[in-house]
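Right, one structure below, let's go through it.
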Amino acid sequence: MPRLSEYELEREENIRRNQELLKSLGIFQNKVVNKKVSLETEHILNGCQRSRQRVSQSQPADASEKKPKKRPRPSTESVLEPRRKSSRLSAALPPPSSDPIDFLSTPDEPSPPASTSTSRVELRRIPNPKIPESQHDELEMWDPDCRAPLPERSEDGTLVFSSEPHFKPNMTPEEMIRSGSFGGTTFRRHHSSLLNCDLPETDYSEFPATWYDGLDVSIYLTSHVYRSKTNRYGVKAGQSLIEWERAGWINVQDPRGWFQWYCRFYLGRRTPDDERQIRRWLGVCGTSGRFKRSLVNKIASAGAAWDDESISPIIRQTLQHWGYRLTEADYNAYL
């Protein structure tokens, strides 16, 4: 039997814990109705029925005259909904009134209720900048020893990379770490399914010590558990590295994902994978990025201030995980 992955073990543990909870509440006794019975269960039921028939035939006549009471067939019209739903299904089919990434929050940490005085707002459409096409074979031109200069910072706080002017985050890796990101699990020990080896907790030592000097790295970088309170906005946002591996978004050169790529890119490394990673960033934080526009729309619809952190803290935390924090100028550009 193949060994279960960490993701599958976690899923099995969640199923077992939920079943114990349902049993303790007495829900399994007469409330939960399965629409389909598995072949194995049906075989067991048929065997039990045949056993009862043999017992009834061997009983005396007076005993056989007593007909067993028929149990009422439970109605299938009102099936009890599960207390918790799969995050994967919730992501695929989110409720119309929900945050587009509500499935990333934990049940015990709900997002603040939306304002009742909302109005529909039409935002300006601002296309993402075009990424210039390479005029040469990047694999041939890539020099692993070459280092680009550190980015400069414009007056509005945007980071300017001379080689990639369309890539405009406004948070450095150090600012992301010190603000509180990824629930403090950025560099925790992880078994990489791509490399088939364990990624050590010491991976963070590759980067300048000034980035994490004075911080408790066991809370901000290598926590074994996801700590929502460590995050800047106090909520859980983002999927686990295991889920990103399963989705095919991880490149073997950066087995810890986008943030590891960003740290190395910030320090001057350039690779053929840069274009893909920057396109991903544009899809989230670019001028037409899904999450950036969604945050602006929610703020404007609620009639709130651009820096009202009670509006969509999950989206704000997600944007921070991609090196971006909404500014007043960026907000006003859509109105």
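Just so it is clear, none of the values below were taken in a lab; they were calculated from the coordinates. All values derive from a computational prediction rather than experimental measurement. Neighbour counts are summed over all protein chains in view; Cβ atoms, including those assigned to glycine, are modelled from backbone coordinates with ideal geometry.
Here are the numbers for this structure:
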quantity: Inter-label distance for SER192 and CYS146, nm, one decimal - labels placed 7 Å from Cα along Cα-to-Cβ; calculated: 2.4
quantity: Summed residue charge, Cβ within 12 Å of GLY157's Cβ, Lys/Arg positive, Asp/Glu negative; calculated: -3
quantity: Separation of the GLU174 and SER288 label points, Cα + 7 Å toward Cβ, nm; calculated: 3.6
quantity: Kirkwood Rh (inverse of mean 1/r, distinct Cα pairs), region 169-283, angstrom; calculated: 14.6
quantity: Chain lengthening between SER163 and ASP273 when straightened (0.36 nm per residue, less Cα-Cα); calculated: 38.2 nm
quantity: Least to most buried among VAL284, VAL225 (fewest other Cβ within 10 Å first); calculated: VAL225, VAL284
quantity: Lysine pair number, Cα distance threshold 21 Å (strictly under), region 123-333, separation 8 or more or different chains; calculated: 5
quantity: Global geometry of region 273-335, whether rounded, prolate or oblate, following the gyration tensor of its Cα atoms and the 1.5 cut on a/c; calculated: prolate
quantity: Linear extension gain, ASN14 paired with ARG246, 0.36 nm per residue minus alpha-carbon span; calculated: 81.6 nm
quantity: Segment GLU155-TYR226, length gained on full extension (0.36 nm per residue, minus Cα span); calculated: 22.1 nm
quantity: Region 123-333 pair-distance distribution - Cα-Cα, 5 Å bins, rounded %; calculated: 1, 6, 14, 18, 20, 17, 13, 7, 3, 1, 0
quantity: Ranked list, fewest to most other Cβ atoms within 10 Å of each Cβ, for LEU159, LEU241, LEU335; calculated: LEU335, LEU159, LEU241
